[in-house]
Amino acid sequence: MLAKGGPAGDGPAIELGQASVVLGARPPRVVWSDVSMAMARGEFVALLGANGSGKSTLLKVVLGALPLAAGTAHVLGRPAGEANRVIGYLPQRRSFDAGLRLRGVDIVRLGLDGDRWGVPLELPWGGPRSRRQATRRRVAEAIERVGASSYAHRPIGQCSGGEQQRLLIAQALVRRPQLLLLDEPLDSLDLPNQASVAALVHEICREEQVAVLLVAHDVNPLLPYLDRVVYLAAGRAVEGPVEEVITSASLSRLHGVPVEVLRASDGRLVVVGQPEPPAFHHDRHADPASDRATHAHTHVHAG
């Protein structure tokens with residue numbers, strides 16, 4: 001089990017109170033408003049919604065990288081941005097060139113670099129040698145935790161998509177976080193790898209008691225593991241257990257138009273009738289806070 005990265009304050013993992021985000025000035029655009037949610041420590045929560053609904057925006061608010069126009073945001077008992085030392089963050093999936101020689105172990109070690117948040121990592125006192133040893137132990141521990149030891153010394157460009165994602169999750173874990181923010185970790189993976197990564201994240205959540213907020217378009221690979229979901233649409237949010245949120249009545253109220261939720265014979269949820277782009281439409285401009293395009297799966301996803 002990974003040791004925790006140090007104490008944070010008391011309180012929920014994430015708590016938003018009547019929060020609103022406004023982007024731009026001419027004219028201003030309300031991304032979402034009056035959003036209230038509380039996520040407990042050690043809880044596994046999926047953040048769902050269509051392109052442009054503000055999912056990545058919410059992660060940036062949690063990290064203190066984007067100010068609220070109204071309301072409050074507290075993370076691990078502190079104002080957003082003050083607990084980043086104990087937050088592991090995996091941005092939307094990047095692609096690695098097949099010729100890239102950087103090894104998986106090097107990718108994981110980058111997670112110990114505090115430059116991203118301006119937060120230096122606290123390692124044991126001592127000379128350079130003891131600090132190097134501590135770094136190697138941390139990196140090896142994170143790689144073993146995600147089951148990537150057999151390929152961690154392979155060039156990252158030669159690893160499969162699922163292997164790359166496990167190494168990136170190890171990068172987010174290497175600082176021994178109390179909260180994991182994962183932005184579309186299942187995107188672009190085939191179904192077996194989606195299931196494998198979803199199971200891994202659930203295992204980490206339960207065994208390490210790490211709170212996980214995972215952004216997803218398709219809720220189906222996550223269904224066996226989730227405690228709750230937060231669903232963003234039409235500038236608003238609804239949260240609760242999957243069976244209460246992903247329903248025809250709940251989503252129809254949220255979208256303001258009739259939406260039907262069906263359950264396929266294999267147990268997968270099918271959401272139809274919601275106002276969003278066609279399947280596999282690439283929307284690179286819908287959410288100004290997003291880093292890149294995401295995919296919309298209109299027949300088998302919950303948002």
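Computed from the coordinates by the stated procedures, all read-outs in this text should not be read as laboratory data. Just so you know, these numbers come straight off a predicted model, no measurement behind them. Note that we place each Cβ from the backbone using ideal geometry, even for glycine, and neighbour counts take in every protein chain shown.
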Express the relative contact order of region 14-272 as a whole percentage, based on alpha carbon pairs under 8 Å and six or more residues apart in sequence.
24
Which whole-Hz couplings ³J(HN,Hα) result when phi for each residue of region 96-107 is put into the Karplus expression 6.51 cos²θ - 1.76 cosθ + 1.60, θ = phi - 60°, listed in order with x for Gly and Pro?
10, 4, 4, x, 5, 8, 4, 7, x, 4, 5, 4
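Set the Förster distance to 41 Å, then compute FRET efficiency between Glu203 and Ala25 from the Cβ-Cβ distance, nearest 0.05.
Working: r = 45 Å, r/R0 = 1.09.
That pair, Glu203 with Ala25, gives E of 0.40.
Using the 10 angstrom Cβ neighbour count as an exposure proxy, how do His217, His202 rank, fewest first? It would help to have the intermediate numbers written out before the result.
Numbers: His217 22, His202 18.
Lowest count first: His202, His217.
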Can you sort Lys55, Lys60 from fewest to most other Cβ atoms within 10 Å of each residue's own Cβ?
Lys60, Lys55
Explain nothing, just compute: Karplus ³J(HN,Hα) = 6.51 cos²θ - 1.76 cosθ + 1.60, θ = phi - 60°, for every residue of region 172-186 in order, whole Hz, x for Gly and Pro.
5, 8, 5, 8, 6, x, 9, 9, 10, 10, 10, 9, 6, x, 9
Amide N of region 147-184 lying under 17 Å from the label point, which is placed 7 angstrom from the Cα of Asp190 along Cα→Cβ:
158-166
